[in-house]
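See structure below.
What follows is calculated from the coordinates using simple rules that are stated; it is not laboratory data. Everything quoted here is computed from the prediction, not taken from an experiment. Here the Cβ is made from the backbone with ideal geometry for all residues, glycine too, and neighbour counts use every protein chain on show.
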């Protein structure tokens, strides 16, 4: 652990991260293919090779999207195997909008912050895990000992565009990616000063509501009171799906009862309250739940955008149509397979049958049992390394492609995030915090060390 923190203090970690941040791996840019390929072939594969990994690059099953890398370090069939995941692509740089640092493509230290695109999401996080593993391998080598477990890395380059091709790739590469557990890092800690573990993620479903009543707009003086206004109708249709306090009103979209061990894990956890956080609205969402339960263990239905007429240049006319982009976050146990039909039926029941509901785009929810042995091992290791009791979130409030690892690869999934909520992820001025990086390097080094020491007692996947 001391070596891991010295690795940061010497500047070696920031030099590695600066090299990675400089690569413009914007997966939303259709011309980014060479940069995405270069990140894997020229940066990650050599870095992993130096630690004894054998890497292979693979084309994405969806040809328009970036490649994937599998790297393997195998010490013995009798040892547990850990799969580590990261993504090398980033959100668009938004170069002109940065107000801190030196823009998106230059790692810029400023006080306790390290600015640059991908520092928090996700280059900085998987760089921490790679550096921590390197410290353990170096010390083991000095002592003439093996690492004590097998490691596989999977790095994709399309997470910021919804991980296209990842599910098909993992299905095809199920044997190559076989492991006993996924240990990975993404997303924020509960608080900047509290190590955090989460075990899955809420699912997400995006769908549109559209109401077209006629062709063309009509003068509001001549026709007001005679013609239905699609904006007014659609606003009321939305209100029958989710009320004015954010409570989901469609029975089929409400989650099952919160499990007792999930409630226990969330008891006493506080969300918000740190610098840069918005104030939590105490009277928003499902009544009777704590803020932690509302964001981690319950379903939400949001309006992301809504348009009728031309908001930039309104005219005195009744518009012809209205459209809303809807966004649902949901927990394990929610059946979203018939979401479109359920919403359409609910709207019809309330007199809004002419509102059209699009087929949703869905990422499934996952949640590992908080009592799983890998969870207990991880929590104990982090507490031993840091002297702090880590926060345990049964799942992240946001969404990750964790369903691929949990459902397709059949792995217990343990996530240890190294960022914090106000990191400006996906926005200008994205950054990591130096105190979090130093602590994360140490605790991940401790975690990998403990894994090697306790390998014989850790659960193995059934053959």
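Taking all pairs of different Cα atoms in the stretch 101-217, averaging 1/r and flipping that mean, what Kirkwood radius in angstroms comes out?
18.7
Can you give me the angle between helix 373-386 and the longest principal axis of the chain, using Cα atoms only, in degrees from 0 to 90, rounded to the nearest 10?
70
Under 10 °C and 1.306 mPa s, how fast does the chain diffuse according to Stokes-Einstein, given a Kirkwood radius computed over C-alpha pairs? Answer in µm²/s, whole number.
In µm²/s, the coefficient is 67.
Using only alpha carbon pairs under 8 Å that are at least six residues apart, calculate the relative contact order of the stretch 224-306 and give it in whole percent.
Here the relative contact order equals 34 percent.
Expressed as cubic angstrom per residue, what is the convex hull volume of the alpha carbon set of the stretch 315-362?
Enclosed volume per residue, from the Cα hull, is 112 Å³.
With axes computed from alpha carbons, what is the tilt in degrees of helix 230-241 against the longest principal axis of the chain, rounded to the nearest 10 within 0 to 90?
50
What shape does the stretch 281-343 take by its C-alpha gyration tensor, where a ≥ b ≥ c are the square roots of the eigenvalues and a/c under 1.5 counts as rounded, a/b above b/c as prolate, and the rest as oblate? Spell out each step's value before the answer.
Numbers: a/c = 3.92, a/b = 1.83, b/c = 2.14.
It is oblate, given that a/c is not under 1.5 and a/b is not larger than b/c.
What distance in nm separates the two pseudo spin-label positions at residue 289 and residue 427, each 7 Å out from Cα along the beta-carbon direction?
Calculated label separation equals 2.4 nm.
Can you tell me the FRET efficiency between residue 243 and residue 316 if r is taken as the Cβ-Cβ distance and R0 is 45 Å, rounded to the nearest 0.05?
Step by step, r from the Cβ atoms, then E = 0.90.
Nearest 10 degrees is fine. How inclined is helix 12-21 to the longest principal axis of the chain, computing both from alpha carbons?
It works out to around 40 degrees.
Using a 10 Å cut-off on Cβ atoms, rank the peptides 342-351, 188-197 from the highest mean neighbour count down.
Descending mean neighbour count gives 188-197, 342-351.
I need the semi-axes of the equivalent ellipsoid of the stretch 405-454: take the C-alpha gyration tensor, multiply each eigenvalue by 5, square-root it, list largest first in whole angstrom.
26, 19, 6
Quick check: pseudo-label points 7 Å beyond the Cα along Cα→Cβ at residue 206 and residue 223, how many nm apart are they?
The answer from the label model is 3.2 nm.
Considering every pair of different Cα atoms, what Kirkwood radius, in Å, is found for the stretch 228-372?
17.4
Relative contact order of the chain, please, whole-number percent, based on alpha carbon pairs below 8 angstrom and at least 6 residues apart.
25
Can you order the peptides 51-61, 126-136, 330-340 by their average number of other Cβ atoms within 10 Å per residue, highest first?
126-136, 330-340, 51-61
Please quote Rg/Rh for the stretch 1-61 to two decimal places, taking the Kirkwood radius as Rh and restricting both calculations to Cα atoms.
Values: Rg = 14.2 Å, Rh = 13.3 Å.
With Rh from the inverse mean 1/r over Cα pairs, Rg/Rh is 1.06.
Run the simple label-point estimate for residue 282 and residue 356 please: 7 Å along Cα→C-beta, distance reported in nm.
4.5
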